Each structure stands twice: as structure tokens, then as C-alpha cells.
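The values are calculated or read from the model by the stated rules, or taken from the named source; none is laboratory data. Given the structure is predicted, the values throughout are model-derived calculations rather than measurements. No Cβ is skipped: glycine too gets one built from the backbone with ideal geometry, and neighbour counts run over all protein chains shown.
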Amino acid sequence: MSDEIQQMFEERLARYHATIALEPTDRMIVAGTGSNYFAEVYAGYTRQEIMYDINKWIAAESKFAEDFPEIDLLRSGRIWAPIFDSVGFKLYRLPGQDLPPNTDFQFVEGEWMKADEYDLLINNPVEFLIEHRLPRVLGELKERGSSRSYMAFLKGGMAYMLMAQLMREKVLNLEKKYGLPQPFQGVMLAPFDTLADGYRGLQGIMIDLFERPDKLLEACDALIPDSVSCAIATANPLKQYPIFMPLHRGNHPFLSPKQFDTFYWPSLFKAITLLIEAGYTVRAYLEGNWTPNWHHWNEFPRGKILCDIDNKADISRAKKEIGNNVCLAGGILDRMFIFGTPEEIRSRVKELCETAGRDGGFILNGGCGIPYSTKPENFRAYIDATLEYGKYSDTLKPKLKKVPAPSVGKIPSPRVITPWEVKLKEFGGVMGDETLIKGVWETLEQRAFCWLRFWDW
Amino acid sequence: MVQLTDLAKALVNLEKDRVNAIVEDKLKRGIPPLEIVKELNDGMIEVGERFASGEYFISELIYSSHIMKEAMVQLEPLFEHVDLGELGGKVVIGTVKGDIHDIGKNIVVTLLRNAGFKVIDLGVDVGTERFVEILQETKAKVLGLSCLLNLAFQEMKNVVDMLKKAGIRDQVKVIIGGTPTDEQVREYVGADYYAPDAVAGIKICKEIYAQ
């Protein structure tokens with residue numbers, strides 16, 4: 001990578017870090033969105049092409065970076081479809097498959113965990129996942145014990161490694177060729193959302209609130225160590241990018257504030273605290289409207305979290321109530337990108353730069369993303385206006401801190417299915433260097449467990 | 001305000017076992033099933049009112065529907081057809097083509113039925129023409145279009161345009177709802193109303209049929 005591009009990359013990343021840390025920086029981040037759906041389709045490929053063909057995905061991002069060289073971060077697309085196909089994942093409908101090739105992918109609601117399986121989930125998550133949940137959500141496991149079902153696990157594992165490699169290629173293309181950092185790396189769901197999204201489903205979880213609240217709470221707590229360790233396993237090793245958390249059922253009015261305080265928040269708070277103690281920052285999408293509940297974000301150490309505020313909530317109010325503790329992103333209505341005018345975008349950007357965004361700790365964005373149907377002239381107006389109105393300092397130059405933040409406290413150990421001690425006993429001891437064998441055994445076991453959790457949502 | 005019976009109150013208080021016990025007891029004592037259903041329905045209406053006032057949330061709405069559904073398991077086999085909805089007017093509703101989300105729509109459907117409307121729920125990913133067909137067939141005065149994704153804006157506009165083409169635009173009031181919608185989207189789509197939440201949607205339907 002050329003020096004110039006390296007410098008641009010480090011400057012952009014340093015600007016992002018300072019913004020999240022609520023520290024002074026030179027200007028507002030340009031297009032600091034975590035989900036640039038517009039970038040996915042801008043080059044003219046269908047959504048199906050992007051999801052299936054990595055070369056087109058990379059080409060699409062390259063074209064976007066070339067046509068909009070002012071942007072500071074870029075991440076487009078969310079799904080690499082072949083891994084879903086390898087196992088017959090039922091939680092999504094995909095363009096080109098059971099949706100027309102240019103329709104958005106969509107989540108399928110279902111009950112993938114039964115009400116009487118809480119104890120199993122709590123006490124033996126591996127058995128719960130392999131014997132109960134995965135056979136329900138992975139269509140290729142339909143005939144247990146068949147060759148096809150064995151191949152599904154193998155193909156799914158191979159696809160997992162292949163996907164990691166391809167995503168890395170995509171990220172490196174942006175970094176080395178265009179100096180563009182990622183908005184996040186690694187992902188974790190709130191424990192309550194793990195249960196509500198892809199396990200019990202919405203119906204199930206609401207019934208559980210009333211019929212088995214103790215089990216629900218116990219399960220939320222039981223999920224924490226594995227959620228945290230699997231998130232760290234896929235996060236940026238240098239801790240340079242925040243860990244991503246799309247948050248769903250904290251959206252008012254799904255839960256009453258009392259239910260939120262009792263069921264949704266405590267395990268979420270513990271899980272995020274562990275990530276922060278491990279030295280990571282977090283980028284959380286507060287999807288929908290979090291107004292009655294967002295005061296909780298003040299409980300964290302200052303400058304460790306970036307909260308995306310969705311279109312349904314008032315970001316200026318968020319700034320007043322939590323903006324001194326967490327960085328905020330949002331402020332522009334999706335429909336303004338879609339059928340508004342460049343003048344409206346300019347005006348809104350100016351307004352936000354002069355008010356909620358005036359003192360930093362603020363990233364202009366749509367509602368947790370830039371919509372697919374954004375008009376190019378509106379995106380151009382968004383960039384230009386950010387540069388025009390979002391300047392903080394003529395003298396400050398962002399400088400990247402390259403040393404990863406330290407880890408404090410006890411980080412949960414990643415789960416294994418068959419511990420080394422069991423394997424060693426079966427060996428009856430080894431004749432050479434045990435650590436050489438143990439190391440790889442445990443690494444593969446941990447990755448395999450995280451693969452079981454990959455299908456949570 | 002309707003005076004709530006013990007059964008209705010049990011439903012409002014989300015006491016599932018008590019509801020089932022009272023239903024069983026009433027049936028044993030020979031109370032007509034239709035009367036029992038009416039009491040339960042009064043309870044559901046009160047649940048809806050509490051949701052409207054901000055005392056209850058989607059959690060309570062969903063759980064009360066669950067209790068109601070379970071109670072109906074005892075009652076449904078006992079009579080052929082329960083039609084509580086004719087008097088309130090017909091509402092055709094669906095999630096537009098390209099969008100399969102329906103949580104919000106289903107809440108609206110529940111509340112509308114509780115309020116006495118006859119709801120023709122077309123489900124999700126509904127083809128443009130299908131809305132028009134069903135409106136022509138049922139002569140419903142209200143069409144509700146739901147979405148979660150903003151790709152639906154164009155599709156909603158297509159539906160309204162198709163109503164014009166079919167010559168029935170002036171016979172139908174179109175309400176749009178769903179997370180990404182607002183007044184500006186209503187204007188773009190050419191709809192008559194925008195409902196920011198389920199309760200507002202019910203109110204609009206009542207207003208339309210009161211005219």
C-alpha cells in the first residue's frame with residue numbers, strides 16, 4: 001500500500017476513534033454509516049449478484065469508493081449467501097432464490113426453540129444446538145444421521161472458513177487500495193435478542209415474559225460468556241474496529257420500561273461491559289425507538305460506545321440525554337435520501353452540524369444505514385454538506401494510536417465441545433510435546449463452537 | 001365503558017389459568033358459548049385501550065392474544081361460526097409486494113377485529129393487482145398497506161395508481177403504516193392517511209366508517 005493511502009487510512013481511522021471516544025478531532029466523519037445499502041447497488045449489480053459473487057461485491061465497493069472518494073468508512077452488504085445455502089439456513093429469504101433478484105433479503109420469524117428447552121439451553125448449550133435447534137433451522141439436517149446431513153456440517157464449516165477469507169479480501173481491498181477503514185468487525189447480539197430473534201421468536205419470548213420469567217432471565221445470563229467469547233473471536237485482533245451489536249427488542253413499545261429494565265438490559269449491560277474490559281469499543285444500532293430506555297447507556301464508561309439512533313427517535317433529544325457519554329450516529333430520515341432533494345439534505349446536515357453535532361461525538365447517518373434507493377445526487381449532497389458544515393478544527397490532525405487497548409478483568413474462555421483433558425485421557429498420554437497438539441485441538445474446538453452460534457440469527 | 005365481568009377482568013389481568021378455569025366453569029353451567037366469547041372480547045377491547053393509553057405494551061398485547069386463542073380452543077368446537085365483525089365495516093389489509101414482515105400488521109388486525117371490524121388480511125408480499133381484486137370483490141371502504149422496508153414506498157404508490165386505473169380510487173380510503181412511513185411518504189404514495197401506530201390506525205378506520 002502506498003504511503004499516501006496508508007496515511008489516508010490511518011487518518012480516517014484515527015478520526016473515527018476520536019469521534020467514538022468523544023475526543024476532539026478535525027472534522028465530522030463523512031458517510032460514517034455502518035450499513036451502506038446504497039453502496040451495494042450503486043454499481044448496477046443486483047442484490048443477488050452481490051450476495052453470491054465476491055468479485056462483483058468487491059467491484060461494486062471499488063466503484064463506490066472511486067466515485068465518492070471523500071467517504072471515511074465503507075461497509076456494504078451483510079450476507080454472503082453461499083454459506084446459507086450450504087446448510088439450507090431457514091431464517092432468511094434471499095434475492096434470487098425465493099425473492100426476485102433485486103429485492104431486499106428478509107428475516108423469517110419462527111419458533112426455533114421450544115418453551116420446555118430452557119433448562120437444556122442453560123445447562124448444555126452444545127446438545128441444545130446440535131440436537132434440537134440446528135436440525136430445525138438448517139434444512140440440510142432434515143434426515144439425521146444421513147450422509148447428506150454429515151456433508152451439511154462439513155460444507156457449512158468449509159463455507160465458514162471460505163467466507164472469512166473472502167470477507168478479508170474485500171476488507172483489504174478497501175484498506176490497501178482506497179485507504180478505507182471498516183465501521184466495525186465482529187458481532188454480538190443482546191442475550192435477550194438471541195432468544196427473541198432466532199430462538200423463541202417474538203410470540204414465544206412474549207409468552208415467556210409472563211409464563212417463565214425466571215428461566216428467561218437465567219438463560220439471558222447463561223448466554224453471556226459464549227456470546228462474548230464468540231464476538232471476540234471474530235473481532236479485529238488489534239481492537240481497531242468496534243464490535244457490532246444490532247439491537248432489536250429494546251425498541252419501544254415492544255417491552256414496558258419495567259420489562260426492559262428487568263429482562264432486556266441487565267444481561268446486555270454485563271455482556272457489553274465484558275467487551276469493554278477486553279479493550280473493545282462497541283457500535284450498537286438502537287433499532288426503532290429507544291427513547292424511554294436509552295438513559296441506560298449512561299451507565300457505561302464514557303467514550304466506549306457508538307449508538308446509532310434510528311429514524312423513529314429524535315437524535316437531538318438523544319444528544320441531550322446520552323450524548324455526553326456515548327457517541328451518536330443518525331439524524332437524516334431514510335425517505336429524505338430516497339425521495340428528498342439535495343437542498344433538503346444540505347439543510348438537514350447544516351442544521352445537525354450547528355446543533356446536535358456541534359461539539360463532536362456525532363456521525364451523520366440515515367436510520368442505522370444508507371437506504372438502497374438513495375438518489376445519487378442526495379448522497380453527493382450529504383457528503384458535500386458534511387465537509388462544508390462539519391469542520392471542527394483547522395489545526396488538529398488525527399493521529400492513530402496503534403497500540404491496542406489493554407484487557408482488564410476476566411474475559412470468558414471460549415467454549416469447547418470436547419475438552420483437551422478428555423482427548424488426552426483417550427490418548428492415554430502423549431509421547432512428545434503436549435502443547436503442540438493441545439493448541440490446535442482447542443482452537444478448532446472453539447471455532448467449531450462459534451460456528452454453532454453463527455446460526456443464531 | 002362496558003362493565004367487565006370476572007372473565008374479562010382475568011383476561012385483562014393476563015391470568016391465563018384463571019381465564020381457562022372460568023371458561024370451563026361457565027360451559028359446565030350451560031352459559032352459551034357466544035356470550036362467553038363476548039365477555040372475552042370485551043376484555044380484549046380493554047387490553048387495546050390500555051395499549052392506547054401506554055399502560056400496556058406489545059408484550060401484553062401478544063400475551064393477551066395468546067390467552068384468547070387458548071380460550072377459544074375450548075369454545076370454537078361448540079358453534080359453527082362466530083361473526084362479531086360485520087357491523088364495524090370491512091378493512092382489507094396486507095404487507096405490500098417485496099416485503100414479508102407482518103408483526104405490526106398482525107397487531108393492527110387483532111385490534112381491528114376486537115373493535116368489531118371485518119378484516120380481510122391478505123398476508124404478506126401481496127401482489128399489486130390482488131389488493132385491487134379483493135377491494136372490488138368485497139366493496140371494502142378501507143385499504144391498509146403495511147411495510148417494514150423502505151423499498152415498499154414505490155410499491156405502495158403502485159397500488160394507489162392501480163386503484164385509479166381500476167376506477168375505484170374514490171371509493172376507497174387508503175391508510176399506510178409501518179416503521180419507515182410518515183406524512184411525506186403518505187404524500188408521495190398518494191394515500192389518504194398515515195397511521196403512526198396501530199391505535200391511530202384503528203381510530204382512522206372508525207372515523208372513515210362513521211362518515
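A single member of B:Ile58, B:Ile45 is β-branched (Val, Ile, Thr), at pLDDT below 90 and within 15 Å of B:Leu111 (Cα to Cα), and it is B:Ile45.
The test for being part of a helix (DSSP H, G or I) and polar (S, T, N, Q) does not hold for A:Ser76.
Taken over the range A:171-203, the criterion of being within 14 Å of chain B (Cβ to nearest Cβ), in contact with a Gly (Cβ under 9 Å, 6 or more places away or on another chain) and more than 19 Å from A:Phe269 (Cβ to Cβ) is satisfied by A:Gly201 alone.
Quick one: would you say A:Ala235 is among the small types (Gly, Ala, Ser) and either farther than 20 Å from B:Tyr63 by Cβ or outside the structural domain of A:Glu10 (by TED's automatic domain parsing) (or both)? Taking the combined requirement at face value, the residue satisfies it.
Within the range B:90-110, if we keep just the residues that are buried (at least 24 other Cβ atoms within 10 Å of the Cβ) and part of a helix (DSSP H, G or I), the residue that is nearest to the other protein chains (Cβ to nearest Cβ) turns out to be B:Lys105. For the range A:100-114, taking the residues that are buried (at least 16 other Cβ atoms within 10 Å of the Cβ) and more than 14 Å from chain B (Cβ to nearest Cβ), the one that is farthest from A:Arg78 (Cα to Cα) is identified as A:Met113. I need the strands (runs of 3 or more DSSP E) fully contained in the range A:279-380, keeping only those with at least 1 residues that are in contact (Cβ under 8 Å) with a residue 40 or more places away in the chain, within 30 Å of A:Lys258 (Cβ to Cβ) and out of contact with any Asp or Glu (no Cβ under 7 Å at 6 or more places or on another chain). Answer list for the range A:279-380: A:282-286, A:305-309, A:327-331. Tell me, please, whether a residue that is surrounded by fewer than 24 Cβ atoms within 10 Å (Cβ to Cβ), of a type in the set (Lys, Arg) and assigned to a helix (DSSP H, G or I) can be found in the range A:383-393. Among the residues of the range A:383-393, not one is surrounded by fewer than 24 Cβ atoms within 10 Å (Cβ to Cβ), of a type in the set (Lys, Arg) and assigned to a helix (DSSP H, G or I), which makes the answer no.
Considering the range B:185-202, and only residues there that are of a type outside the set (Asp, Glu), within 12 Å of chain A (Cβ to nearest Cβ) and in a helix (DSSP H, G or I), the residue that is farthest from A:Gly340 (Cα to Cα) turns out to be B:Val199.
Remark: A:Glu117 matches the filter, which requires a residue to be more than 14 Å from chain B (Cβ to nearest Cβ) and either among the charged types (D, E, K, R) or touching a Cys at 6+ places or on another chain (Cβ under 9 Å) (or both). The listed residues are A:Ala59, A:Ala65, A:Ala39, A:Ala31, and the only one of them that is in a loop (DSSP other than H, G, I, E, B) and hydrophobic (A, V, I, L, M, F, W, C) turns out to be A:Ala31.
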